[in-house]
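One structure is given below, encoded as structure tokens.
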Amino acid sequence: MKVVVNASSMTRQATGIGRYTRGLLSQLINDFSLDIKAFDHAHLWPDSQSLASWLHEPGTSGGKNDGWVQRCYPLLRRLPGRFVLARMRLKRQLNKLKRWEVYWEPDYLPVDFSTRRPVVPVIHDMAWWRHPEYVHPVMCRQLARYLPNVVRQAARINVVSAFTRTELCERFEVEPQKIDIVSPAASHEFQPGALTAQLAEHFMLPERYILSVATLEPRKNLSRLLRAYQALPSSLRQGCPLLLVGRRGWLDEKLRKQVDTMQASGEVRWLGYVPGSALPGLMAGATLMAYPSLYEGFGMPVLESLACGTPVLTSDVASLPEVAGDTAVYVEPTSIDSIRQGLHTLLDDTELRARLSQEGPVRAQHFSWASSAMRLKDSLKNAAYEHDE
């Protein structure tokens, strides 16, 4: 079966969707029954061999770092009209690839529905509908405008969690049988002991630290996390600084000022966007991972931290309990005091941290790229078969 994939989420500053795409493609390219073609704004991979060669290049971590799109992405994503221009460019790239049978779109909106061949999109969450205040208004408008047609015309639909499937069925008149759950997983690099001395020296990591991995945007709830951390006893803050990892998002001006003020005390550090190759070490070296997000379709940093044996504090909402099960400390994300208490408990209770460190990797094994890739392959095959009926 010949499959074409929009790989653009891997060729910019890759976050969750980019790592999700890479994790699945890294499995599928080893399947000789599939021939996978891929495209982004500036590159074409006409077959599985060329795609595999690129994915396995040292240092790529699933994202090209030598193109102008990658270098200029933080600026490009703020330009007016960028959505239409980007999709026009992607559609031209797709049209250059011939003789494919199924189009897999990992990032919500396929670039072309004019083809009569089956299309399978991935819908990661329904935040634009359930909590539009957490999503950039431009993205809300685009998803509200185009997603109903995507759901209606798609041959099959992939989601990343049972939670998202429920949300999708609630919003649209779509049969659950049309939806396949293809969850993310933690790559093998995420494991206890992943922190190296070189990485610790590069980032000047302290012996103990709290880590947060999230884009600076309202949905990630970082402002409340900072205020909860600031409410901890001074002795805990001085002994365990808070490190923030993530690129700038939207409505981050007040948050940046908050971060800048707290950085002056030396108790908070914002590392900005870091390459995917550094994440396993940063997570494995952390005393705990704090991820009190207000809404998630899955929450990859939670699973990756569990795989590293790092205790996790996360929210008791949306998909996050589905991911972490009983191996995390849960908080009510709109309550600063709940987050503060959760942080205090994890920092103060060494026995609890030790138990979670042991249970986390076991929980993470419930999700694997190999099994998810098999579900994706079945979904694509079913899409092709049902389309031809």
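The values are calculated or read from the model by the stated rules, or taken from the named source; none is laboratory data. Remember, predicted model here, so these are calculated numbers, not experimental data. With ideal geometry, Cβ positions are generated from the backbone for all residues, glycine too; neighbour counts draw on all protein chains shown. SASA here: full protein model, heavy atoms, side chains in, ligands and nucleic acids out. Shrake-Rupley method; radii C 1.70, N 1.55, O 1.52, S 1.80 Å.
Quick grid of which residues meet (1) without any contact (Cβ under 8 Å) to a residue 40 or more places away in the chain; (2) more than 20 Å from Asp125 (Cα to Cα); (3) in contact with a Leu (Cβ under 7 Å, 6 or more places away or on another chain):
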{"site": "Lys2", "(1), (2), (3)": "no, yes, no"}
{"site": "Ser9", "(1), (2), (3)": "no, no, no"}
{"site": "Thr21", "(1), (2), (3)": "no, no, no"}
{"site": "Leu34", "(1), (2), (3)": "no, yes, yes"}
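Give the residues of region 246-257 that are open to solvent by 40 Å² or more (accessible area, probe 1.4 Å) and either closer than 17 Å to Ala290 by Cβ or of a type in the set (D, E, K, R) (or both), sorted by residue number.
Scanning region 246-257 gives Arg248, Glu253, Lys254, Arg256, Lys257.
If you check Arg375, Arg363, Arg355, which single one turns out to be closer than 19 Å to Arg208 by Cα and either hydrophobic (A, V, I, L, M, F, W, C) or modelled with pLDDT of 95 or more (or both)?
None of the others qualify; the one that does is Arg355.
Would you check which residues across region 114-130 are open to solvent by 50 Å² or more (accessible area, probe 1.4 Å) and in contact with a helix residue (DSSP H, G or I) (Cβ under 8 Å, 6 or more places away or on another chain) and list them?
Arg117, Trp129, Arg130
Scan region 81-102 and report the pairs whose first residue is farther than 14 Å from Ala38 by Cα and whose second residue is among the aliphatic types (A, V, I, L, M) and at pLDDT 95 or above, with Cβ atoms within less than 9 Å and a gap of 6+ or a chain change.
Arg87/Leu109
Only one of Lys98, Lys91 is among the charged types (D, E, K, R) and in a helix (DSSP H, G or I); which?
Just one listed residue meets the conditions, Lys91.
Given the structure, is Ala155 open to solvent by 10 Å² or more (accessible area, probe 1.4 Å), under 25 Å from Asp40 (Cβ atoms) and modelled with pLDDT of 95 or more?
Yes; evaluated as a whole, the condition is true for this residue.
Restricting attention to region 196-205, does a residue exist that is more than 27 Å from Gly249 (Cα to Cα), aliphatic (A, V, I, L, M), surrounded by 15 or more Cβ atoms within 10 Å (Cβ to Cβ) and in contact (Cβ under 8 Å) with a residue 24 or more places away in the chain?
No, the conditions are met nowhere in region 196-205.
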